[in-house]
Amino acid sequence: MLGVNVSITGRRPCEAAGHRKAALRRREARYRRMADAPQAGPGQAGEADREAEQRFSRVFRLSPDAMCLSRGIAGPILDVNDRWETLFGYERAAAMGKTAQELKLYPGDGVPAALGRRNLERGCIRDCEIAMQDKAGRILHTVVSGAAIDTGQEPCFITIIRDATEQKRARDEALQQREQLTHLTRAAVLGELSGALAHELNQPLAAILTNAQAARRFLASDAADLDEIRAILDDIVNENKRAGEVIRRLRALFMKGESKLQPLDLNEIAREALELTRSNLIARKVAVALQLSPGPRTVRGDRVQLQQVLLNLIVNACEEMKDTAAASRRLTLSTGVDPAGMVQIAVSDTGPGIAPDVIGRIFEFFFTTKTHGLGFGLPISRAIIAGHGGSIEGINNADGGATFRIALPAYHGAS
Amino acid sequence: MSAVPIVYVVDDEPAMLKALSRLLRAEGFAVRAFGSADEFLAGHDCEAPGCLILDLRLPQLGGLALQSELLASGCGRAIVFISGHGEVADSVRAMKAGAVDFLTKPLDDEVFLAAVRSAIASDEHARGVRLELQSIRRRMATLTPREYQVVRHVVAGRLNKQIAAVLGTAEKTVKVHRARAMEKMGAASLAELVRLSLENDVGMVAWKAGADSA
């Protein structure tokens, strides 16, 4: 009911990228074979040579990927194909003799590191994601492969550029939508809970108010009917108890609910939670350190509920660091085992920490330090953790910021 | 209106029903409380002056359904709706169907009692209008067909001479019919006859009996 499972959808773009890359690799290998053809058979030079050259030339011209032949990886351009012209917006004639750098094909200063010396020495680059820009200055997200080839006359480098701008945009959009969904789910859960709470409590509260107001009016009359007032007070007490019962029942309902307990690896839960909040963290310029304890840290719990707790802590941490200098915004997610054998998971931030005067109240319902906070996140988190037989605490770090640490009983199989 | 107005209260929540009855009694109202729409319909007297405090959410027959049932049976009882939620759509429906007010629980006693008083006043007014209309209809029914025809022409602004021509009768005869019709309707002037006829047609009363003499 709480979370969104995204790990499966998250894998899709990678698979597609994998296919794409494999195809590119196959094509590249083909080009290399063609390029290498002249050396293949010394016996039948001449005719075979020209044939291979023509074949290469045709493939080069018609390739659906942009291709560029240059002297060395960063040297002057010897030839480009039609797709290259349309992708970058330069005419072939204008590109000839210039280097990629001179044409400002790389948005930053200099040649991207991926095309650097080490790859040059290996003689090939493969599936490098590189940001490039066209003549108009539009940034292109490209996947670049290339290899040194010997055309017989001079050592050349052939670069194959696949435009992935659209795919990247789609991927970014998917991430953003996923984040919105997470947020909406959270909002919906809180809205539902507060709605239920409001409705259930409203009836007894309304009766209490009307009873009290009636009593006040009875008392104001000359001959106050004490029996009537006594009956009213009895009813107020009863209704008050009923309101208390509503809260108790709601809490029990929330805790037992439909929770499905199963063995879970907290390391996995931590990774999933980060995956869910990745774009949020990037957007907020928060650096992430993942310090996972080696080996699975298994507990018995409800995946969705624990996810929800972790998401809540991560979002809180980001919120806490919004006034911290971007360079020092760091979120640390760590797992481990405490001396008592409890499995731990902790979320630390480099924000201002918890104010000493509120540190005892942060787990109370309706208590919040945020302008738009509801005061639900931490108390619900604590209720969930308590329901798992664990505990949660919020402390200030010695070197600034706050840490929320969850301890859960370790699970050692179904014995 | 000499009879004491009765405040009918319908709420399925016993605690709330009791509390509301107390508040109303503390203010000196005569109260009749019901836990469901069916019980109310069984014990309700539409002729009695007063108003109805109606919970929107009732099991079986809901508040809005009860309102339309009362209207369908020709009972224009003034209603104050109370609701635990304050649904906008429902409140609009209730108000369009003539509810006096729509209040959200918990109720503020001042606001609630003001709504009850205004509902009782509106009920009394509507009752006066109904009686006046009934009286006009009764008087209208005593007219002969010829007198009624003459009245229609008079109200349409025609002169006796014109009416006589249309009806193919003497002007003197028209004058006699007209005088008798005015007498039967209790109209002291032409203007009053026009008003009574109009009120009868429209089914509304411009001002209540006695108000014009005051």
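Got at least one residue in the range A:148-159 being in contact with a helix residue (DSSP H, G or I) (Cβ under 7 Å, 6 or more places away or on another chain), of a type in the set (A, V, I, L, M, F, W, C), open to solvent by less than 60 Å² (accessible area, probe 1.4 Å) and over 18 Å from residue A:89 (Cα atoms)? Yes, the conditions are met somewhere in the range A:148-159. Within the span defined as the range A:275-287, one or more residues are surrounded by fewer than 17 Cβ atoms within 10 Å (Cβ to Cβ) and on the phi > 0 side of the Ramachandran plot. Criterion applied to A:83, A:55 was being open to solvent by 60 Å² or more (accessible area, probe 1.4 Å), free of Cβ contacts under 8 Å to residues at least 60 places away in the same chain, of a type outside the set (Ser, Thr, Tyr) and under 20 Å from residue A:127 (Cβ atoms), and the one residue passing it is A:83. Is it the case that residue A:311 is modelled with pLDDT of 85 or more, touching a helix residue (DSSP H, G or I) at 6+ places or on another chain (Cβ under 6 Å) and closer than 30 Å to residue A:200 by Cβ? No: the conditions fail for residue A:311. For the range A:216-245, the tally of residues that are more than 8 Å from chain B (Cβ to nearest Cβ) and open to solvent by less than 50 Å² (accessible area, probe 1.4 Å) stands at 6. Number of residues in the range B:82-112 that are modelled with pLDDT of 85 or more, farther than 19 Å from residue B:69 by Cα and in a loop (DSSP other than H, G, I, E, B) equals 4. Take residue B:48 and decide whether it is open to solvent by less than 20 Å² (accessible area, probe 1.4 Å), part of a loop (DSSP other than H, G, I, E, B) and either away from every other protein chain (no Cβ under 14 Å) or closer than 21 Å to residue B:115 by Cα (or both). So residue B:48 passes the test.
Only one of B:83, B:118 is free of Cβ contacts under 8 Å to residues at least 60 places away in the same chain and either closer than 22 Å to residue B:182 by Cα or within 14 Å of chain A (Cβ to nearest Cβ) (or both); which? Steps first, answer last, please.
Values: B:118 fails: either closer than 22 Å to residue B:182 by Cα or within 14 Å of chain A (Cβ to nearest Cβ) (or both).
Selected residue: B:83, the only one of B:83, B:118 that is free of Cβ contacts under 8 Å to residues at least 60 places away in the same chain and either closer than 22 Å to residue B:182 by Cα or within 14 Å of chain A (Cβ to nearest Cβ) (or both).
Which of the residues spanning the range B:1-31 are among the aromatic types (Phe, Trp, Tyr) and touching a Lys or Arg at 6+ places or on another chain (Cβ under 6 Å)? Residue satisfying the conditions is B:8 alone. Evaluation of residue B:55 against the conditions (1) open to solvent by 40 Å² or more (accessible area, probe 1.4 Å); (2) among the charged types (D, E, K, R); (3) under 25 Å from residue B:127 (Cβ atoms) shows that the sole unmet condition is (1). Being open to solvent by 60 Å² or more (accessible area, probe 1.4 Å) and at pLDDT below 70 holds for only one residue in A:179, A:192, and it is A:192. Kindly establish whether residue A:130 is in a strand (DSSP E or B) and farther than 28 Å from residue A:168 by Cα. Against the criterion (in a strand (DSSP E or B) and farther than 28 Å from residue A:168 by Cα), residue A:130 does not qualify.
Which one is farthest from residue A:302 (Cα to Cα), of the residues in the range A:364-396 that are at pLDDT below 90 and polar (S, T, N, Q)? Top of the filtered list is A:371.
Condition check ((1) within 14 Å of chain A (Cβ to nearest Cβ); (2) without any contact (Cβ under 8 Å) to a residue 12 or more places away in the chain; (3) open to solvent by less than 20 Å² (accessible area, probe 1.4 Å)) across all residues:
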| residue | (1), (2), (3) |
| --- | --- |
| B:63 | no, no, yes |
| B:68 | no, no, no |
| B:71 | no, no, no |
| B:89 | no, yes, no |
| B:97 | no, no, no |
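Step by step: first the residues of the range A:324-333, then only those that are more than 17 Å from the chain's Cα centre (by Cα) and not aliphatic (A, V, I, L, M), then the one that is surrounded by the fewest Cβ atoms within 10 Å (Cβ to Cβ). Which residue is that?
Checking each candidate, the answer is A:328.
For the range B:115-168, the candidate set comprises residues that are more than 14 Å from residue B:196 (Cα to Cα) and among the basic types (Lys, Arg); within that set, the residue that is most open to solvent (accessible area, probe 1.4 Å) is B:161.
The values are calculated or read from the model by the stated rules, or taken from the named source; none is laboratory data. Model, not experiment: these values are computed from the prediction. Glycine also receives a Cβ, built like all others from the backbone with ideal geometry; neighbour counts cover every protein chain displayed. Heads up: the accessible areas ignore ligands, DNA and RNA and are worked out on the full protein's heavy atoms, side chains in. Shrake-Rupley method; radii C 1.70, N 1.55, O 1.52, S 1.80 Å.
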